[in-house]
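A.B. asks: So that we are looking at the same thing, I have put the structure below in structure tokens.
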Amino acid sequence: MRTPASNMLLIWFKRAVSSLDPFLLIVSLLLTAIGLLSINSASSDRVVTQALYFAISFILMWGVSRLSLQNLMRLAMPIYIVSMALLMLVFAFGLEVNGARRWLSLGFIRIQPSEIMKIAAPLMLAFYFNKVGSDLRPIHFATAFFLLALPFAFIFKQPDLGTALLIGSSGLFVIFLAGLSWRFIAVTLFSMAVSVPFLWTTLHDYQKRRILTLLDPDSDPLGAGYHIIQSTIAIGSGGMLGKGYMQGTQAQLEFIPERHTDFIFAVFAEEWGFVGCMVLLVLYAAMILRGISISASSSTVFARLLAGAITLSFFVYAFVNLGMVSGILPVVGVPLPFISYGGTALVVLFVNIGILMSISTHWMLVKR
């Protein structure tokens, strides 16, 4: 027979896990396990650190999943303001590494505020459109674009084009889902196409080289084209079933640059082959479809916009990294979600998963 203590413990456990979405939990844990295995193969001295970051991330995900949507909305503006303040501090006092000023040192740890903005920007925009309601006017969209352009400009200036584009896309998803007209989208795309020559002049030299290298990697095989050439060799050499765990020559002989971060997919593809890559893509697709389902079932503006933006952002992050490593997109320094090494990025991903879980369990409590 169960004792009163065991009954209380069981009740507490059920309440503790009631906010966790089983499907999202299983998929995110599987992806993280793949990531830890890949990091161990690429750079074994970093896997323990990543495991510690995962433990922190999991606790934060659980905590966020238990927040009601009212509390998430209350936190939207403070998180955005704090994130902007941190970006300004980076601009003034940030650590400069390889010509980029992206990190703040807190003594015992370094943080990358631009990663936090991946949460803050869509959260703030979803909160804003929820406050405005259904009577949207051009001034409301202009305000939303300003709220997005402000962090974009600071991050672009660091320079960190990849993160700036990802944050910009997540914010644009919110604006689009809020009801941005197709006519405005068409005019904007046309304007961007016309302004390409001007935008080209604003890019740094290394960013220009990355774009030119995409068109012809062999033009500089030992310089700008080295990353793409080595990663595509690794992916192709994996064949159908791969060479086996920790048996990939490109990775183990350290031909692949940044093999534990941006180019970790090349390590995975060489070891697990086409079949392993398909399993990875199925896991990403499953997470995205679950996020779309959560967004579609939400009856509030805030929940629908936020869940939709987070889900579409997952797609963009994975698509950009896979395209970059495969040689079909320029190298912009975007990590592969849940797989690449990086503490702040992993924390942000699990917090976003926690937000999706909160929306799936608490959306009915929020009034429009």
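The values are calculated or read from the model by the stated rules, or taken from the named source; none is laboratory data. If you're wondering where the values come from, they're calculated on a predicted model, not measured in any experiment. Counting neighbours? That spans all protein chains shown, and the Cβs are built from the backbone with ideal geometry, glycine included.
A.B. asks: If GLY94 satisfies every condition in (1) buried (at least 22 other Cβ atoms within 10 Å of the Cβ); (2) out of contact with any helix residue (DSSP H, G or I) (no Cβ under 6 Å at 6 or more places or on another chain) but one, which is the exception?
C.D. replies: Every condition holds for GLY94 apart from (1).
A.B. asks: Any idea which residue in the stretch 42-62 is nearest to GLY248 (Cα to Cα), counting only those that are modelled with pLDDT of 95 or more and of a type in the set (Gly, Ala, Ser)?
C.D. replies: Ranking the candidates gives ALA51 first.
A.B. asks: For the stretch 233-251, name all the residues that are closer than 17 Å to MET324 by Cα and either crowded, with 18+ Cβ neighbours inside 10 Å or touching a Lys or Arg at 6+ places or on another chain (Cβ under 6 Å) (or both).
C.D. replies: Result: ALA234, ILE235.
A.B. asks: Please enumerate the residues belonging to the stretch 74-93 that are touching a strand residue (DSSP E or B) at 6+ places or on another chain (Cβ under 8 Å) and closer than 18 Å to VAL348 by Cβ.
C.D. replies: Within the stretch 74-93, LEU86, VAL90 qualify.
Conditions (1) closer than 21 Å to THR49 by Cβ; (2) modelled with pLDDT of 95 or more, marked per residue:
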position	(1), (2)
SER295	no, no
SER298	no, no
VAL320	no, no
PRO330	no, no
TYR341	yes, no
GLY354	no, yes
TRP363	no, no
ARG368	no, no
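A.B. asks: Answer with yes or no whether LEU20 is aliphatic (A, V, I, L, M), surrounded by fewer than 20 Cβ atoms within 10 Å (Cβ to Cβ) and in contact with a helix residue (DSSP H, G or I) (Cβ under 8 Å, 6 or more places away or on another chain).
C.D. replies: yes
A.B. asks: Where residues in the stretch 37-82 are within 20 Å of ILE111 (Cα to Cα) and polar (S, T, N, Q), which of them is surrounded by the fewest Cβ atoms within 10 Å (Cβ to Cβ)?
C.D. replies: THR49
A.B. asks: Turning to a different aspect of this structure: Mind listing just one residue for me: the one in the stretch 309-346 that is touching a helix residue (DSSP H, G or I) at 6+ places or on another chain (Cβ under 6 Å) and among the hydroxyl-bearing types (Ser, Thr, Tyr) and, of those, surrounded by the fewest Cβ atoms within 10 Å (Cβ to Cβ)?
C.D. replies: Among those that are touching a helix residue (DSSP H, G or I) at 6+ places or on another chain (Cβ under 6 Å) and among the hydroxyl-bearing types (Ser, Thr, Tyr), it is THR344.
A.B. asks: Oh, and also: In contact with a Ser or Thr (Cβ under 9 Å, 6 or more places away or on another chain), among the hydrophobic types (A, V, I, L, M, F, W, C), part of a helix (DSSP H, G or I) and under 30 Å from ILE228 (Cβ atoms): which single residue out of VAL316, VAL282 fits that description?
C.D. replies: Result: VAL316 is the single residue among VAL316, VAL282 that is in contact with a Ser or Thr (Cβ under 9 Å, 6 or more places away or on another chain), among the hydrophobic types (A, V, I, L, M, F, W, C), part of a helix (DSSP H, G or I) and under 30 Å from ILE228 (Cβ atoms).
A.B. asks: Please go through the stretch 319-346 and pick out each residue that is assigned to a helix (DSSP H, G or I) and in contact with an Asp or Glu (Cβ under 8 Å, 6 or more places away or on another chain).
C.D. replies: ASN321, MET324, VAL325, THR344, ALA345, listed by residue number.
A.B. asks: Right, another one. Do we find that GLY244 is more than 22 Å from VAL331 (Cβ to Cβ), in a loop (DSSP other than H, G, I, E, B) and out of contact with any Cys (no Cβ under 7 Å at 6 or more places or on another chain) in this structure?
C.D. replies: It is true that GLY244 is more than 22 Å from VAL331 (Cβ to Cβ), in a loop (DSSP other than H, G, I, E, B) and out of contact with any Cys (no Cβ under 7 Å at 6 or more places or on another chain).
A.B. asks: Can you find, within the stretch 132-168, the residue that is surrounded by the most Cβ atoms within 10 Å (Cβ to Cβ) among those that are in a helix (DSSP H, G or I) and in contact with a Lys or Arg (Cβ under 7 Å, 6 or more places away or on another chain)?
C.D. replies: Checked the stretch 132-168; the qualifying residue surrounded by the most Cβ atoms within 10 Å (Cβ to Cβ) is ILE167.
A.B. asks: Would you please name the residue that is modelled with the highest pLDDT, looking only at residues in the stretch 300-318 that are among the hydroxyl-bearing types (Ser, Thr, Tyr) and either on the phi > 0 side of the Ramachandran plot or within 14 Å of the chain's Cα centre (by Cα) (or both)?
C.D. replies: Restricting to residues being among the hydroxyl-bearing types (Ser, Thr, Tyr) and either on the phi > 0 side of the Ramachandran plot or within 14 Å of the chain's Cα centre (by Cα) (or both), the top hit is THR311.
A.B. asks: Residues in the stretch 185-198: is at least one modelled with pLDDT of 70 or more and aromatic (Phe, Trp, Tyr)?
C.D. replies: yes
A.B. asks: Follow-up question, since we're still on this one. Among the numbered criteria (1) assigned to a helix (DSSP H, G or I); (2) surrounded by fewer than 17 Cβ atoms within 10 Å (Cβ to Cβ), which one does GLU254 miss?
C.D. replies: The failed condition is (1).
A.B. asks: Test each condition in (1) at pLDDT 95 or above; (2) more than 19 Å from LEU36 (Cα to Cα) for ILE228 and report the one that comes out false.
C.D. replies: (1)
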